[in-house]
Amino acid sequence: MAAECSKSKCAILFAKIKESNNDVWPIVYSPNYNITFFGMEKLHPFDSTKWGNVFQYLQDSNMISKDTVVCPTEISKEQLLEFHTERYISSLNWSSKVAVITEVPPVACLPNFVVQRRLLSKLRLQTSGTIIAARLALLRQWSINLGGGFHHCSSDKGGGFCAYADISGALKTLKTEGLINSALIIDLDAHQGNGHQKDFKDTDWVHTLDVYNGSIYPGDYKAKEMRNLLAIELRSFTADEKYLDKVSKASSDETRWFLDWQGRERYPYSWYSVVGINLKQLKSSLTLF
């Protein structure tokens, strides 16, 4: 894992956030989140313009507009190296490597400068958005990044369309800056969040609740060795009622455990990848959904 610095270079990404207008919601989004490149994006089962679709829905509902969201700037290589290894970042200069990570084989046939511009730059922008959203949560008590959440990527390995470890990067940045002393990740994606689990495997200050389908990708048994992990494995075709019951019970158990460990020392701040509310009973420095 890349070494942590005494002062984070990523802090510049949110250096001017405090100066933002109060009329701007703590919601981070850019139209450049959306990925299109010669139709190849359709070869992956995920909708590579889903972030724009979410924004459009919220805009059509008169909830937000392009003037009421925070637009991120792209994270640099130097900043990425604060939470990624040099070897991994260099490997992304090979289109064949990116093709494996994104699970779109034809990407291997494209010149890397095209892959960088039409694909990886979009993911870097979303990574920056996650770091900014995490900082906004501390300022405004909640925030949303309409992109990011690349929970399959660790400091030295990507996969599952996750090329950058934005979750790990956001937490490490805030910890390095002395802005948080602990964090709770609540991961309710259908897939196991193996990336950040590997990055914080032996870490005391990060706890994780992960509810996922244990029958599908990635099946990473090594990641389940994370010290402070509560993993709830479900199976395909689990009924809604059973799923919600499992999530409710697991959330209560994890919250109680985290509260006991944390000693109720600090006020809560919540950061969500899509949507959420402030959890007033949870005294973590930062809560990630």
- [ ] Being in contact with a Ser or Thr (Cβ under 9 Å, 6 or more places away or on another chain), small (Gly, Ala, Ser) and under 19 Å from Asp166 (Cα atoms) narrows it down to one of Ala134, Ala108, so name that one.
- [x] Ala134
TODO: Working only within the stretch 100-137, note down all residues that are of a type in the set (Ser, Thr, Tyr) and over 21 Å from Gln79 (Cβ atoms).
DONE: Thr102
Open item on the list: Just to verify a result, which residue in the stretch 187-211, among those that are in a strand (DSSP E or B) and open to solvent by less than 10 Å² (accessible area, probe 1.4 Å), is nearest to Ser236 (Cα to Cα)?
Closed with: Val211
Task: Restricting the stretch 138-172 to residues that are basic (Lys, Arg) and within 21 Å of Glu78 (Cβ to Cβ), the residue that is least open to solvent (accessible area, probe 1.4 Å) - done: Lys172
TODO: Spot the failing condition for Val100; the list is (1) out of contact with any helix residue (DSSP H, G or I) (no Cβ under 7 Å at 6 or more places or on another chain); (2) touching a residue at least 60 places away in the same chain (Cβ under 8 Å); (3) aliphatic (A, V, I, L, M), and only one is missed.
DONE: (2)
TODO: Keeping to the stretch 20-36, report how many residues are of a type in the set (Gly, Ala, Ser) and surrounded by fewer than 20 Cβ atoms within 10 Å (Cβ to Cβ).
DONE: 1
Open item on the list: Can you pull out every residue in the stretch 173-184 that is surrounded by fewer than 24 Cβ atoms within 10 Å (Cβ to Cβ) and not in a loop (DSSP other than H, G, I, E, B)?
Closed with: Lys175, Thr176
Task: Pairs with Cβ under 9 Å, 6+ apart, first in the stretch 66-85 and within 23 Å of Gly195 (Cα to Cα), second open to solvent by 50 Å² or more (accessible area, probe 1.4 Å) and among the acidic types (Asp, Glu) - done: Glu82/Glu4; Phe83/Glu4; His84/Asp156; Thr85/Asp156
Open item on the list: For the stretch 212-231, which positions are open to solvent by 10 Å² or more (accessible area, probe 1.4 Å) and in a helix (DSSP H, G or I)?
Closed with: Lys224, Glu225
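Given the condition free of Cβ contacts under 8 Å to residues at least 12 places away in the same chain and within 21 Å of Gln141 (Cβ to Cβ), answer yes or no: does some residue in the stretch 173-194 qualify?
yes
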Open item on the list: Which residue is modelled with the lowest pLDDT, if the candidates are limited to the stretch 13-32 and must be over 24 Å from Asn62 (Cβ atoms) and not hydrophobic (A, V, I, L, M, F, W, C)?
Closed with: Glu19
Task: Per-region count, the stretch 37-89, residues open to solvent by 30 Å² or more (accessible area, probe 1.4 Å), within 21 Å of Leu171 (Cα to Cα) and in a helix (DSSP H, G or I) - done: 3
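The values are calculated or read from the model by the stated rules, or taken from the named source; none is laboratory data. Predicted, not measured: the structure shown is a model, and the values here were computed from it. Backbone-built Cβ (ideal geometry, glycine too); neighbour counts: all protein chains shown. Only protein heavy atoms, including side chains, enter the accessible area calculation; ligands, DNA and RNA are left aside. Shrake-Rupley method; radii C 1.70, N 1.55, O 1.52, S 1.80 Å.
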